[in-house]
Amino acid sequence: MPSRAELRKPLETALRVAIVASLAFALWKSIAPVNAGDRTIRSTSQALNVGIERALTHPGDAAIELAMTTTPSPLQRDQLVALRRTGMSVRWSGEVSPLAVEVIRDRDPLEGAQIRVVGAKGAVVLRDSAGVLDTLREGTSTLGVGALVGSVQASDAHTSAIAAIPAATPRRAVLVLGRADWESKFVMSALNESGWLVRARIPSAPNVDVHDDGILPIDTSRYDAVIALDTTAADYATAIVRFVEQGGGLVVSGGALGVGALRAIAPATASARIPGRILLAEDTVTRRDLPFTPLGSVRTDAVSLERQPAGTAIAARRVENGRVLALAYDESWRWRMLGGNSGLSAHRDWWSHLVASVSAERADPVAAGISAVPRVALVNALGPSSALTSAGQNPIDNRLPLWLLVLPIAAALVEIASRRFRGER
Amino acid sequence: MTDFVFATAQYESGDWDSAPLVPANVIDSIARYTSIEVAPSGVIVPLSSSSLFRYPLTYLTGHLPVRFSATERVNLQRYAERGGMLFVDDHNHDIDGTFHKTAIEELTRVYGPIKPIPNTHPLYKSFFAFEDGPPTTSHELNGWGDNLVHKTLSGVERNGRLVLLYSSKDYSSEWNYHPENKKFLSVDNTRFAVNLVVYALTR
């Protein structure tokens with residue numbers, strides 16, 4: 001009867017065969033050609049860098065499939081585009097956040113900016129190159145800021161969008177059209193003091209204008225906005241309408257709301273005038289105390305921006321490329337003069353803000369950068385989402401399986417131990 | 001929308017009402033030469049009252065010493081900050097007179113240093129053209145006052161606009177007649193008042 005030691009000899013032989021076979025399999029696996037179906041790299045957002053690295057270092061791979069939950073970074077996106085251009089099939093699938101961010105400079109001389117965010121899922125953290133700016137809670141979409149540095153990044157729980165800060169385009173003049181009265185004077189004063197370059201045509205007698213130093217042509221290369229305070233604007237009504245259609249801003253109030261051509265583009269019409277509040281000695285005037293011509297017949301495409309008990313006070317609408325703002329106040333100067341300690345600055349800031357709102361810096365899609373809307377950039381770069389051959393799987397790695405390493409080592413150890421117990425070397 | 005109202009300043013010291021016909025004459029000229037909507041009569045506004053701020057151009061004159069009260073000073077400072085313009089005319093046309101000396105002291109306390117205005121100032125071209133600066137008055141060499149023809153007016157500017165205009169030329173005497181009598185003048189001597197009002201309304 002064979003001893004137990006002799007019985008282990010076939011086992012040892014079997015182990016040696018297994019070692020050689022697994023090494024041979026590993027060798028074959030590493031050098032054998034792979035059929036197309038097996039040469040697909042599958043990856044997720046979390047392991048995207050591994051997948052891309054694999055694809056870049058194994059040019060023989062036929063396809064890369066991405067199960068996306070977040071958008072790729074601009075670098076990753078560029079790498080995928082480059083892979084596609086080498087002939088590799090790049091497909092993606094998944095619910096990618098539609099987050100988008102836009103930075104629009106204010107035309108206000110203070111040069112602030114508005115950051116607008118859409119498509120966010122939950123709270124959004126906004127930061128520029130200098131650090132965190134603020135967090136927008138869900139449902140909030142706009143943040144007004146003063147100075148910005150570098151670029152602006154908006155991040156929700158899933159993705160980040162990055163927008164460049166557009167360079168400020170040169171501010172142009174504001175044209176004030178009104179008769180010689182206190183409203184014209186103090187509108188000009190308020191805008192001048194706020195840093196606007198103001199030009200004006202102030203008729204003081206038939207054929208006698210003050211400040212009329214070559215105001216024509218009224219176009220967007222010369223003016224950011226026109227302020228029409230009364231019927232004296234009628235002389236330029238056609239030019240003003242064309243200016244607005246080209247993208248200029250118009251603030252219209254008082255008698256100018258009754259000028260035919262301007263009425264046709266105004267967001268509302270003027271109704272009967274209501275006198276201002278009767279002031280007692282030492283009373284101070286607020287905007288609500290001013291004489292008021294409520295705006296009626298507000299157009300369906302217009303927005304009421306300020307309402308008072310007697311009616312709409314400010315309404316706005318877009319007209320082709322431009323914006324028009326209608327005001328129910330035609331004696332705002334009283335607010336400046338009789339508005340107490342804050343009246344002067346309030347009146348100044350209010351007028352500056354009104355003009356800035358109609359002459360806002362246009363969004364610059366080039367300056368915004370290709371990461372301002374990551375999902376759009378992803379679709380532009382890789383095409384629309386498509387079904388994957390095995391969507392949802394975790395990164396597929398064509399590296400040798402671990403068992404090919406463990407098996408020969410374990411078999412070798414068992415075989416050596418078995419021989420040593422038999423007394424052989 | 002509102003008409004221009006010519007306002008005469010009433011101050012607690014002195015004779016603020018020494019030229020009662022000036023407002024009517026200026027109003028007549030504004031209505032005669034311009035399309036500015038002007039109220040047919042002027043108002044008298046106390047410098048110590050907040051009513052001052054309803055009239056962004058105010059005319060002040062007198063013969064007697066001027067001493068502003070604390071309230072009047074504060075009101076005038078705020079008036080200037082907000083863009084109001086004060087036109088002060090020495091009814092004595094006398095730079096050694098009590099009105100001039102005291103008014104300059106008081107106005108300097110309120111407005112800071114008062115400096116001559118160049119005769120190329122926009123004020124002199126805002127409506128009629130006065131190439132040589134402020135028009136001379138018939139009262140400057142009438143044997144009263146300092147018997148000087150003052151070449152310039154003085155004033156203080158803020159943000160590029162006059163907030164104080166000071167005259168030693170005695171326009172208060174020059175313009176202090178009934179408008180009906182203008183027809184006897186070969187050249188209307190109130191034309192500079194039109195420049196003053198148009199400047200205040202448009203600058």
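The values are calculated or read from the model by the stated rules, or taken from the named source; none is laboratory data. As the structure is a prediction and not an experimental result, all values here were calculated from the model. Reconstructed Cβ throughout: ideal geometry from the backbone, glycine too, with neighbour counts over all protein chains shown.
For region B:26-55, residues that are part of a loop (DSSP other than H, G, I, E, B) and of a type in the set (Phe, Trp, Tyr) total 1. When A:Ser89 is tested against (1) at pLDDT below 80; (2) among the hydroxyl-bearing types (Ser, Thr, Tyr); (3) closer than 24 Å to A:Ala387 by Cβ; (4) more than 26 Å from the chain's Cα centre (by Cα), just one condition goes unmet, and that condition is (1).
Going by what's in this entry, would B:Ala200 be described as outside any loop (DSSP other than H, G, I, E, B) and either within 14 Å of another protein chain (Cβ to nearest Cβ) or closer than 19 Å to B:Asp94 by Cα (or both)? In short, yes. If you go through region A:17-35 and keep only what is modelled with pLDDT under 75 and surrounded by fewer than 10 Cβ atoms within 10 Å (Cβ to Cβ), you end up with A:Ile31, A:Ala32, A:Pro33, A:Asn35.
So that you can scan it fast, the table gives a plain yes or no per residue for (1) of a type in the set (A, V, I, L, M); (2) at pLDDT 95 or above:
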position	(1), (2)
B:Arg78	no, yes
B:Phe99	no, yes
B:Ala103	yes, yes
B:Arg109	no, yes
B:Ile117	yes, yes
B:His121	no, yes
B:Pro134	no, yes
B:Ser138	no, no
B:Asn147	no, no
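The set of residues in region A:238-247 that are aliphatic (A, V, I, L, M) and either touching a Lys or Arg at 6+ places or on another chain (Cβ under 9 Å) or part of a loop (DSSP other than H, G, I, E, B) (or both) contains only A:Val244. Kindly establish whether A:Asp209 is surrounded by 21 or more Cβ atoms within 10 Å (Cβ to Cβ), more than 19 Å from the chain's Cα centre (by Cα) and either away from chain B (no Cβ under 14 Å) or not hydrophobic (A, V, I, L, M, F, W, C) (or both). Here the answer is no, as A:Asp209 does not meet what is asked.
What number of residues within region B:9-25 satisfy the criterion of being over 20 Å from B:Gly84 (Cβ atoms), among the aliphatic types (A, V, I, L, M) and assigned to a helix (DSSP H, G or I)?
The total comes to 1.
Hey, among the residues in region B:136-162 that are of a type in the set (A, V, I, L, M, F, W, C) and touching a residue at least 12 places away in the same chain (Cβ under 8 Å), which one's farthest from the other protein chains (Cβ to nearest Cβ)? Write out each step before concluding.
As a first pass, look at region B:136-162 and keep what is of a type in the set (A, V, I, L, M, F, W, C): B:141, B:144, B:148-149, B:153, B:156, B:162.
Subset that is touching a residue at least 12 places away in the same chain (Cβ under 8 Å): B:144, B:148-149, B:153, B:156, B:162.
Values: B:Trp144: 35, B:Leu148: 32, B:Val149: 29, B:Leu153: 20, B:Val156: 16, B:Leu162: 12 Å.
Here the residue is B:Trp144.
If you go through region A:253-264, how many residues are away from chain B (no Cβ under 13 Å) and either surrounded by fewer than 20 Cβ atoms within 10 Å (Cβ to Cβ) or part of a loop (DSSP other than H, G, I, E, B) (or both)? Steps first, please.
Taking region A:253-264 and keeping what is away from chain B (no Cβ under 13 Å), we get A:259-264.
Adding the requirement that they be either surrounded by fewer than 20 Cβ atoms within 10 Å (Cβ to Cβ) or part of a loop (DSSP other than H, G, I, E, B) (or both) leaves A:259-261, A:263-264.
Adding up the residues that qualify gives 5.
Being closer than 17 Å to B:Arg109 by Cα, in a strand (DSSP E or B) and either touching a Phe, Trp or Tyr at 6+ places or on another chain (Cβ under 8 Å) or within 11 Å of another protein chain (Cβ to nearest Cβ) (or both) is a condition met by at least one residue of region B:56-64. Of the strands (runs of 3 or more DSSP E) entirely within region A:123-203, those holding at least 2 residues that are within 14 Å of another protein chain (Cβ to nearest Cβ) and in contact (Cβ under 8 Å) with a residue 24 or more places away in the chain occupy A:173-177. Here A:Leu250 passes the criteria (1) away from every other protein chain (no Cβ under 11 Å); (2) among the hydrophobic types (A, V, I, L, M, F, W, C); (3) part of a helix (DSSP H, G or I) except the one numbered (3).
Out of the residues in region B:35-50 that are small (Gly, Ala, Ser) and closer than 14 Å to B:Phe6 by Cβ, state the one that is farthest from the other protein chains (Cβ to nearest Cβ). Before the answer, list the steps.
Just the residues of region B:35-50 that are small (Gly, Ala, Ser), to begin with: B:35, B:39, B:41-42, B:48-50.
Within this subset, residues satisfying the condition of being closer than 14 Å to B:Phe6 by Cβ are B:39, B:41-42.
Working: B:Ala39: 12, B:Ser41: 18, B:Gly42: 16 Å.
Going through the qualifying residues, I end up with B:Ser41.
Taking region A:266-346 and the strands (runs of 3 or more DSSP E) fully enclosed by it, the elements with 1 or more residues that are of a type outside the set (D, E, K, R) and surrounded by fewer than 16 Cβ atoms within 10 Å (Cβ to Cβ) are at A:303-308. If you filter region B:1-31 down to residues that are out of contact with any strand residue (DSSP E or B) (no Cβ under 8 Å at 6 or more places or on another chain) and at the interface with another protein chain (Cβ under 10 Å from one of its Cβ atoms), you find that the one that is farthest from B:His91 (Cα to Cα) is B:Met1.
Of everything listed in (1) over 18 Å from the mean Cα position of the chain (by Cα); (2) assigned to a helix (DSSP H, G or I), the single unmet condition for B:Asp96 is (2).
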